[in-house]
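Data block below; observations after.
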Amino acid sequence: MPKFAANLNFLFKELPFLDRFGAAADAGFEAVEVLFPYDHAVQEITARLATCSLKMALINTPPPNWAGGDRGFAAIPGGEKRFRHDFTRALRFATALGAGHVHVMAGKAKGLVAKKTFIDNLKWAAGHAPAQSLTIEPINAIDMPGYYLNDFDLAAEIIGAVDAPNLGLQFDTYHAQMISGDMAAIWRKHGPLTRHIQVAGTPGRHEPHGGDIDYPGFFGALDRAGFTGWVSGEYHPKSDTKDGLGWMRRKTESS
């Protein structure tokens with residue numbers, strides 16, 4: 001049975017942010033991910049994690065201005081200073097929160113110069129924080145037009161070029177399906193590079209059941225492959241979050 005985490009930027013949004021930790025634990029999640037924890041005091045979040053016996057699976061870079069702002073700086077030529085500043089801040093949060101992974105966001109860019117910039121920045125980050133697991137995630141061009149890392153083969157190429165033991169793939173099933181139309185084939189090809197998984201249904205990015213992806217089959221494939229990382233629900237609930245958690249409970253009960 002996969003280990004399930006809850007993305008608290010997507011799930012339990014009917015509650016104030018700090019109350020979502022307890023709701024996630026009560027629902028049976030063992031870990032959470034918070035894409036951008038930077039607007040909250042570290043002490044408040046660590047206290048909630050401890051009280052609820054939860055682990056922090058992942059946080060993102062960069063910290064600021066997500067609503068309508070930039071989607072990272074790691075692949076943007078000329079943005080190296082900004083990237084290093086943001087990464088250093090993210091690393092402080094990740095260390096304090098015990099975050100398993102830091103997702104390094106590429107930003108909007110294109111071309112060979114962007115590729116070289118991304119690789120160089122990732123090499124710097126991996127060397128700067130050798131004890132911290134880092135991930136990169138392909139994001140589909142419909143949801144995020146212009147985002148540099150929009151292909152899984154490209155992600156694998158970049159991971160190979162960086163060649164750092166603490167860098168791996170963040171595999172979002174929704175984005176994989178949107179990019180390729182065949183998430184299962186992408187998983188078979190790139191699963192060995194994967195450190196962290198996020199799940200959502202397609203179409204619609206709602207609960208991970210039904211639709212175009214066979215989630216019982218996918219979870220079974222993870223079990224057979226011996227995947228030990230977190231599988232995080234990162235989707236928009238159709239209604240109250242608790243009402244849509246049958247996808248997790250069914251898997252739990254059948255395992």
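The values are calculated or read from the model by the stated rules, or taken from the named source; none is laboratory data. The structure displayed is predicted, hence computed values, not measured ones. Reconstructed Cβ throughout: ideal geometry from the backbone, glycine too, with neighbour counts over all protein chains shown.
A few remarks follow.
- Considering Asp151, Asp143, the condition of being within 17 Å of the chain's Cα centre (by Cα), of a type in the set (D, E, K, R) and farther than 25 Å from Leu8 by Cα is satisfied by Asp151 alone.
- Taking the listed residues Asp172, Asp212, the one that is in contact (Cβ under 8 Å) with a residue 60 or more places away in the chain and of a type in the set (Asp, Glu) is Asp172, with no other qualifying.
- Qualifying position, being within 15 Å of the chain's Cα centre (by Cα), farther than 21 Å from Thr202 by Cα and surrounded by 15 or more Cβ atoms within 10 Å (Cβ to Cβ), among Thr117, Thr173, Thr135: Thr135
- Residue in the range 106-139 that is nearest to Ile76 (Cα to Cα), counting only those that are of a type in the set (Gly, Ala, Ser) and part of a helix (DSSP H, G or I): Ala114
- Members of the range 144-156 found to be assigned to a loop (DSSP other than H, G, I, E, B), without any contact (Cβ under 8 Å) to a residue 40 or more places away in the chain and either in contact with a Cys (Cβ under 6 Å, 6 or more places away or on another chain) or surrounded by fewer than 20 Cβ atoms within 10 Å (Cβ to Cβ) (or both), listed by number: Pro145, Gly146, Asp151
- Yes/no for Leu169 being touching a Pro at 6+ places or on another chain (Cβ under 8 Å) and more than 18 Å from Glu30 (Cβ to Cβ): no
- Number of residues in the range 189-205 that are under 28 Å from Gly244 (Cα atoms) and either hydroxyl-bearing (Ser, Thr, Tyr) or free of Cβ contacts under 8 Å to residues at least 12 places away in the same chain (or both): the value is 3.
- Only one entry of Ala156, Ala185, Ala161 meets the criterion of being among the small types (Gly, Ala, Ser) and touching a strand residue (DSSP E or B) at 6+ places or on another chain (Cβ under 8 Å), and that entry is Ala156.
- Identification of helices (runs of 4 or more DSSP H) wholly contained in the range 157-253 with 2 or more residues that are modelled with pLDDT under 95 yields 215-225.
- Every condition in (1) closer than 25 Å to Leu91 by Cβ; (2) without any contact (Cβ under 8 Å) to a residue 40 or more places away in the chain holds for Asp26 except the one numbered (1).
- Close pairs (6 angstrom Cβ cut-off, 6 or more residues apart or separate chains): within 25 Å of Gly98 (Cα to Cα) and modelled with pLDDT of 85 or more in the range 57-83, of a type in the set (D, E, K, R) and buried (at least 24 other Cβ atoms within 10 Å of the Cβ) anywhere: Ala57/Glu33; Leu58/Glu33
Here's the yes/no breakdown for (1) more than 30 Å from Ala221 (Cα to Cα); (2) not hydroxyl-bearing (Ser, Thr, Tyr):
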| site | (1), (2) |
| --- | --- |
| Asn7 | no, yes |
| Leu15 | yes, yes |
| Glu30 | no, yes |
| Leu35 | no, yes |
| Val42 | yes, yes |
| Thr46 | yes, no |
| Ala50 | yes, yes |
| Gly78 | yes, yes |
| Gly98 | no, yes |
